[in-house]
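What follows is calculated from the coordinates using simple rules that are stated; it is not laboratory data. Because the structure is predicted, anything quoted here is derived from the model rather than measured. Cβ: placed from backbone, ideal geometry, glycine included. Neighbour counts: every protein chain shown.
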Protein chains: 2
Amino acid sequence: MNKMVTLADVARAAGVSAKTASRVINGDPQVAPATRARVEAAVEALGYQVNVLARSLRRGHDNVVGVIVESVRDPFFSEVIGELEQLITPRGFTVMVASNTRGSGREREIVEGFIQRSLVGMIVTPQDADYSFLRSIRMPVVFIDRRPRNLDADVVLADDRGATLEGVNHLARYGHRSIALISDALDVQTVRNRYEGYLDAMREAGLPVDPSMVRIGCLDADMAEKETVDLLHLPQPPTAILSTRGETSQGVVRALHRHDATDVAVVSVGDFALADSVTPAITVLDHSPTLIGRYAAERLFARLDGESGHPITTTIPVPLIARGSGELPPRAAVSG
Amino acid sequence: MNKMVTLADVARAAGVSAKTASRVINGDPQVAPATRARVEAAVEALGYQVNVLARSLRRGHDNVVGVIVESVRDPFFSEVIGELEQLITPRGFTVMVASNTRGSGREREIVEGFIQRSLVGMIVTPQDADYSFLRSIRMPVVFIDRRPRNLDADVVLADDRGATLEGVNHLARYGHRSIALISDALDVQTVRNRYEGYLDAMREAGLPVDPSMVRIGCLDADMAEKETVDLLHLPQPPTAILSTRGETSQGVVRALHRHDATDVAVVSVGDFALADSVTPAITVLDHSPTLIGRYAAERLFARLDGESGHPITTTIPVPLIARGSGELPPRAAVSG
DNA sequence: CTGTTAGCGCCTTCAC
DNA sequence: GTGAAGGCGCTAACAG
């Protein structure tokens with residue numbers, strides 16, 4: 001419709017220079033009240049809107065924080081985003097989100113896209129990319145959930161190995177000896193750590209690790225469901241299942257319910273919707289997305305506020321919440 | 001560290017003008033292969049990164065699509081975002097997300113913030129704001145889930161009234177006469193429509209609408225859970241509950257499970273995680289976020305591609321998926 | 001308290 | 001096929 005109203009237009013209408021109009025827009029106190037009023041009136045009258053692009057170009061940075069997660073659809077990450085947004089927005093920044101879908105090969109491309117936009121900072125869920133290209137960057141970047149390859153940087157993560165370790169111990173304490181593992185693909189470091197925790201705990205508890213009990217590569221709930229069904233059909237099905245992600249746990253639960261096998265004990269690393277409402281309710285190791293978001297924001301703000309020391313690793317606790325499914329006794333050896 | 005490498009630097013290193021370097025960066029075919037190679041080498045050598053801010057300022061628009069939802073934490077909306085991102089990104093646009101939390105009063109502010117960034121387009125979940133201020137805007141905006149107040153625009157929504165209508169009919173068909181409603185707050189149009197569908201269906205079925213059976217204002221799962229518990233404690237508890245949102249349904253399910261009242265029939269408008277795994281599995285009216293996202297993207301692309309006709313309203317179907325909970329018979333009149 | 005000048009980095013226009 | 005000039009809208013730097 002009408003051409004965009006510029007600051008110059010406002011200045012002209014108010015009878016001042018562009019710079020003075022700019023001062024008013026930006027809340028500079030060094031402006032006479034009368035002048036300020038005149039400019040504000042002009043802004044109102046003309047319906048002026050700042051051009052953020054021009055402003056950011058001039059300032060050299062854009063008031064936007066980039067957030068890269070594995071998938072915005074994953075409730076874990078959408079919760080992380082929600083928490084980040086809630087903490088970041090009040091500081092006057094906008095949030096730009098991108099999913100770095102597993103295996104898309106676009107990891108570096110996405111990060112560079114954000115760099116090209118002169119963002120003030122980024123919070124990144126790294127995948128397998130070589131992050132050494134970020135070494136000479138000035139923009140603060142906080143990594144979450146995993147460590148970036150070839151870069152020493154601020155990271156916020158959970159004690160993954162400790163989580164599965166505790167999961168196995170918990171189940172063993174209730175008498176389980178045949179504990180299956182439903183795990184994501186091992187190309188993600190987080191997953192590897194959880195896998196190791198499982199192996200170590202099994203070893204320490206003196207339990208045999210039966211390869212048929214270890215199901216790696218369950219990328220989503222559907223795959224986890226299939227593997228669980230398969231486990232149930234083994235001649236000697238497991239009496240307990242440890243699932244390493246909220247999403248895969250949903251698949252496990254679905255399988256157990258559909259096959260009337262809810263007497264199989266379950267521990268899930270990662271809470272999920274209705275985990276407390278199925279029967280029995282699911283015992284979880286609460287790998288909290290809210291906490292990860294909170295600490296990541298904290299780290300980012302510290303860097304934005306000028307903190308300049310060595311990279312810091314923040315490890316969040318992963319408390320066990322017993323709800324029933326993880327406290328079931330081993331079921332009778334033979335079953336359907 | 002080192003000052004940012006500019007196009008001019010690249011041009012200098014390659015021994016060409018800035019414009020020629022620009023041509024290479026933007027894939028203009030009108031460049032001699034030898035020149036192109038030289039520029040590309042310079043880009044590589046200097047590690048040049050475009051300054052998107054400068055480019056967008058010059059071009060007059062930024063290749064970003066803004067998406068405003070009610071809350072990124074709500075699985076319904078995170079699914080919408082996921083679908084949008086998947087469709088929008090391949091077109092070379094980035095996605096900027098913002099939550100317009102209920103009652104934050106920041107609705108117009110958020111939309112204007114996006115306008116100030118010269119985005120190419122927006123997809124907006126309107127709340128109660130007066131959207132007449134968007135009348136003279138040139139940027140295409142597609143509204144989802146609800147109609148904007150005081151603006152005739154492209155909208156993608158579900159047949160909300162029809163959904164609850166069918167929900168009630170379905171339950172009545174199975175013999176229910178005492179059907180409670182767990183509903184969100186009525187200040188959202190979508191919710192009002194669903195509420196009306198409930199009332200109309202009850203009337204048409206000749207069923208009395210008991211005010212104590214109608215629980216309005218359940219903003220989240222927790223509030224829905226409380227109201228459900230309250231319903232269960234009525235002298236004459238309902239034999240069926242119709243919940244108008246996936247999130248509130250989770251609260252309903254939790255309450256029923258915790259109070260051993262899973263013999264109360266349930267129909268949920270909106271699917272949710274594990275709805276098919278609880279016992280009984282939850283019958284839903286599938287208000288699909290994926291479809292909403294898909295049609296919204298379609299509408300936006302059409303406008304971006306120059307379509308200029310009248311605003312279009314796209315209504316998505318809301319099919320009923322019977323899973324068990326909606327097909328339960330009315331339970332015995334007296335209960336705990 | 002206010003204005004002038006200059007330029008952020010890029011691309012459009014038009015010339016050659 | 002290539003280049004020179006100018007400006008997108010804004011704000012730093014420096015006057016006054």
Legend entry - Cα-centred dipole magnitude for segment A:7-50, charges only on beta-carbon of K, R (+1) and D, E (-1), debye, nearest 20: 140 debye
Legend entry - Cα centroid of segment B:125-155 to Cα centroid of segment A:132-210, whole Å: 46 Å
Inset, instruction - Using only Cα atoms, tell me the angle between helix B:246-258 and the longest principal axis of chain B; keep it within 0 to 90° and round to the nearest 10. - result: 40 degrees
Legend entry - Cα Rg over Rh - segment A:7-50, Kirkwood: 0.90
Inset, instruction - Beyond 33 Å, what share of the Cα-Cα pairs of chain B is found? Please give it as a whole percent. - result: 42 percent
Legend entry - the protein assembly as shown: equivalent-ellipsoid semi-axes (sqrt of 5 x gyration tensor eigenvalues, Cα, Å): 47, 36, 21
Inset, instruction - Apply the Karplus parameterisation 6.51 cos²θ - 1.76 cosθ + 1.60, with θ equal to phi minus 60°, to every residue of segment B:289-303 and state each ³J(HN,Hα) to the nearest whole Hz, in sequence, with x for glycine and proline. - result: x, 4, 5, 4, x, 4, 5, 5, 5, 4, 4, 4, 4, 4, 5
Legend entry - At most 14 other Cβ within 10 Å, DSSP loop - GluC sites (Glu not before Pro), segment A:287-331: A:E307
Legend entry - Total formal charge among the other residues, if their Cβ is under 11 angstrom from that of B:T101, Lys/Arg +1 and Asp/Glu -1: -1
Legend entry - Interchain or long-range residues, amide H under 5 Å from A:V284's placed H: A:S268, A:I321, A:R323
Legend entry - Residues with amide H under 5 Å from that of B:T314, placed H, sequence gap 5 or more: B:V155, B:V156, B:L157
Legend entry - Across the identical copies, how the B:I25 labels are spaced - nm, sorted shortest first, 7 Å along Cα→Cβ: 2.4
Legend entry - For A:D130, label point 7 Å along C-beta direction: distances to other copies, nm: 5.9
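Please tell me the relative contact order of segment A:7-50 in percent, rounded to the nearest whole number, where contacts are Cα pairs under 8 Å and at least six residues apart. Before the final figure, lay out each step's value.
Working: 36 pairs, mean separation 19.5, N = 44.
This gives 44 percent for segment A:7-50.
What net charge is computed for the residues neighbouring A:V31, neighbours being all others with C-beta under 12 Å from the C-beta of A:V31, Lys and Arg scored +1, Asp and Glu -1?
Values: positive: A:K19, A:R23, A:R36, A:R38; negative: A:D28, A:E40.
Local net charge: +2.
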Inset, instruction - Would you mind listing the distances between the A:Q49 label point and the same position in each other copy? Use 7 Å along Cα-to-C-beta, nm, one decimal, shortest first. - result: 2.8
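Taking the beta-carbon count within 10 Å as an exposure proxy, list B:V97, B:V67 from fewest neighbours to most. All intermediate terms of the calculation are to be shown ahead of the outcome.
Details: B:V97 24, B:V67 28.
Ordered by Cβ neighbours within 10 Å, fewest first: B:V97, B:V67.
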Legend entry - Student exercise, chain B dipole from Lys, Arg, Asp, Glu Cβ charges, in Debye to nearest 20: 1360 debye
Inset, instruction - Find the relative contact order for chain B and round it to a whole percent, using C-alpha pairs within less than 8 Å whose residues are 6+ positions apart. - result: 16 percent
